[in-house]
Amino acid sequence: MTSENLDKVASEYLPNATTSIENNLILNWYPQRVVSRFGKCTSLLDLGIGHGYTPHLFNTVCDRHVIVEGSQFVIDLFKQNSPDFSGEIVFSYFEDFDTEERFDVIVMGFVLEHVDDPGLVLERFKRFLKPNGRLFAAVPNAKSLNRRLGVELGKIDDIYSLNANDLALGHKRQYCRDTFRAELQAHGFRVVHEEGIYLKPLPLPVLQTLPDFEANLHAMLQVGIEFPDLCVGLLMEAEPT
């Protein structure tokens, strides 16, 4: 993957992108769930700046915060919007990143669906975990309720198809709960916790017509924790075997 390719999809990470409402919702929610699992740590390695929601929260719960980001466009945009950010940002593809440092926590938030070889990334970053460290990884869920409805309505061919939004975001694959867990296990991790991210029963334009829209969104996040098979996203916590 080239820098040009990464920058090409980076427009979807601008604040006015059409997906911003649900990006804001999900990307503010899952890092809070991650932090609720470990509380505070000495060192945290985060893969990707993405939409810029996660860095500030993670930066408050660790002494040492390193972010690896492969798009200079995204780095420049983040620094422009967050000039006081105190963490370290390393410009590197995940596949090339190397360090002698070992971390308590590594976060791969919506990363594995983007990379050419997720197994390579998992194997590589496992080396950067301390022996008792934790990996937190989140991915979109192919078997989400809204995608199942999309198949039934003929909007997508099957649950694993990449739709227009997936392609715009640079997604290369879809995971479900079983394949996500199997991916982690195949590359030296044991899953110790699983939960769902955002139980979405209807398309966003329909949800926006409901009274108490914001309250409904929060309820769908909270209820979704216990129903990962049907949620928009999956969050897993794993330890090296």
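Before moving on, here are some points about what is shown:
- Around the Cα centre of the chain, unit charges on the Cβ atoms of Lys, Arg, Asp and Glu (plus for the first two, minus for the last two) sum to a dipole of about 500 debye.
- Karplus 3J(HN,Hα) series, Hz, for the range 63-77 with 6.51 cos²θ - 1.76 cosθ + 1.60 (x for Gly, Pro): 7, 10, 10, 10, 10, 9, 9, x, 10, 5, 4, 5, 4, 4, 5
- Label-to-label distance, nm, for residues given as Leu120 and Tyr160 (7 Å Cα→Cβ offset): 2.1 nm
- Leu167/Ile21 FRET efficiency (R0 22 Å; Cβ-Cβ; nearest 0.05): 0.65
- Neighbourhood charge, 15 Å Cβ-Cβ cut-off, centred on Asp63 and excluding it, Lys, Arg +1 and Asp, Glu -1: 0
- The solvent-accessible area of Leu199, taken with every protein chain present and a 1.4 Å probe, is close to 30 Å².
- Normalising the average separation of contacting C-alpha pairs (under 8 angstrom, six or more residues apart) by the number of residues puts the relative contact order of the range 131-185 at 36 percent.
- Lys pairs, the chain - Cα-Cα below 23 angstrom, 8 or more residues apart or on other chains: 11
- log10 of Debye I(q)/I(0), alpha-carbon scatterers only, for the chain at 0.09, 0.13, 0.18 Å⁻¹: -0.36, -0.79, -1.60
- The Rg/Rh ratio of the range 130-169, with Rg taken over Cα atoms and Rh as the Kirkwood radius over Cα pairs, comes to 1.23.
- Alpha-carbon centroid distance for the pair the range 40-72 / the range 183-217, whole angstrom: 22 Å
- Relative packing of peptides 107-117, 22-32 - highest average C-beta neighbours within 10 Å first: 107-117, 22-32
The values are calculated or read from the model by the stated rules, or taken from the named source; none is laboratory data. What you are looking at is a predicted structure, and each value in this text was computed from that prediction instead of being measured. No Cβ is skipped: glycine too gets one built from the backbone with ideal geometry, and neighbour counts run over all protein chains shown. For accessibility, only protein heavy atoms count, side chains too; no ligands or nucleic acids. Shrake-Rupley method; radii C 1.70, N 1.55, O 1.52, S 1.80 Å.
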